[in-house]
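Read through the structure below, which is laid out as structure tokens, and then see the notes.
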Amino acid sequence: MTDQISTRSHTFPFVPYRPARVDPAAGLDRGRALLRQLDARRSVRFFAPDPVPHEMIELAVTVANTAPSGAHQQPWKFVAIADAQMKARIREAAEHEERINYEGGRLPEPWRDALAPLETNSDKSYLEVVPWLVVVFAEKSTPRPDGSLRKNYYVNESVGIACGMFITALHEMGLATLTHTPNPMSFLTEILERPATERPYILFPIGYPAPDCEVPDLVRKPLDEALEYFPPHP
């Protein structure tokens, strides 16, 4: 019998997709194992200065590249920084903005109240401690070979998914990170000499947790608050 896919007309190359079917019981076991692994993940602000091979960064970005994206435009760029002077510049600029946020009153009161239990402040010294900083830029448009620009769609959604997979890959390799989003973030565009077609999305400090690392004792949202069935599940 002729495969249905071969009879379709495509303007983009299509190939057969035949992933191995996983038995539901085995699939649940795999899902539960993944949950146990990821449930141990925490955002970290206390890092060890121990080196991290660049291959681990490259592998995490390669994993992020498998993320789905709107029209497969993949509107992201990962910029990795290991240079000590560059990390110092980024820390200085980030702390300048964060001092305005925390001490200068730029953060609205409800947001300050929400952050208070986490005991965050304008000190971002970890940006110099970690062996790597990775800044993710969202590509609002992408240059074509002829110099024109291709507008990208669903940029926030696409880059957000890629960042989630990047975080997962880091955790699987035993690394820790933090989704640092100083506001505004335009200093990253300037320091890293990025084009106007990009905007900074997340700054990831990456390394191993410090031996004396502590994190808030948080409780994650239970399933019955995160999931609803419609119509209601019997």
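The values are calculated or read from the model by the stated rules, or taken from the named source; none is laboratory data. Keep in mind that what you see is a predicted model, and the values were worked out from it rather than measured. Glycine gets a Cβ as well: all are built from the backbone with ideal geometry, and neighbour counts include every protein chain shown.
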Do we find a residue being more than 16 Å from the chain's Cα centre (by Cα) and of a type in the set (A, V, I, L, M) anywhere in the range 193-213?
yes
Would you please list the contacts, defined by Cβ atoms under 8 Å and residues six or more apart or on different chains, that run from a residue in the range 13-35 that is assigned to a helix (DSSP H, G or I) to a residue that is at pLDDT 95 or above?
30/22
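Among the residues of the range 151-182 satisfying the criterion of being among the hydroxyl-bearing types (Ser, Thr, Tyr) and either without any contact (Cβ under 8 Å) to a residue 60 or more places away in the chain or assigned to a strand (DSSP E or B) (or both), which is surrounded by the fewest Cβ atoms within 10 Å (Cβ to Cβ)? Spell out how you get there, then give the answer.
Narrowing the range 151-182 to residues among the hydroxyl-bearing types (Ser, Thr, Tyr): 153-154, 158, 168, 177, 179, 181.
Then drop every residue that is not either without any contact (Cβ under 8 Å) to a residue 60 or more places away in the chain or assigned to a strand (DSSP E or B) (or both), which leaves 177, 181.
Values: 177: 25, 181: 11.
Ranking the candidates gives 181 first.
In this structure, does residue 190 turn out to be free of Cβ contacts under 8 Å to residues at least 12 places away in the same chain and either among the charged types (D, E, K, R) or out of contact with any Lys or Arg (no Cβ under 8 Å at 6 or more places or on another chain) (or both)?
Values: free of Cβ contacts under 8 Å to residues at least 12 places away in the same chain: yes; either among the charged types (D, E, K, R) or out of contact with any Lys or Arg (no Cβ under 8 Å at 6 or more places or on another chain) (or both): yes.
Spelling it out, residue 190 is indeed free of Cβ contacts under 8 Å to residues at least 12 places away in the same chain and either among the charged types (D, E, K, R) or out of contact with any Lys or Arg (no Cβ under 8 Å at 6 or more places or on another chain) (or both).
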Given the conditions (1) at positive phi; (2) modelled with pLDDT of 95 or more, report the number of the one that residue 54 does not fulfil.
(1)
Filtering strands (runs of 3 or more DSSP E) wholly in the range 46-143 for at least 3 residues that are under 19 Å from the mean Cα position of the chain (by Cα) and in contact (Cβ under 8 Å) with a residue 40 or more places away in the chain gives 76-81, 132-139
Looking only at the range 84-104, which residues are out of contact with any helix residue (DSSP H, G or I) (no Cβ under 9 Å at 6 or more places or on another chain) and surrounded by fewer than 13 Cβ atoms within 10 Å (Cβ to Cβ)?
85, 103, 104
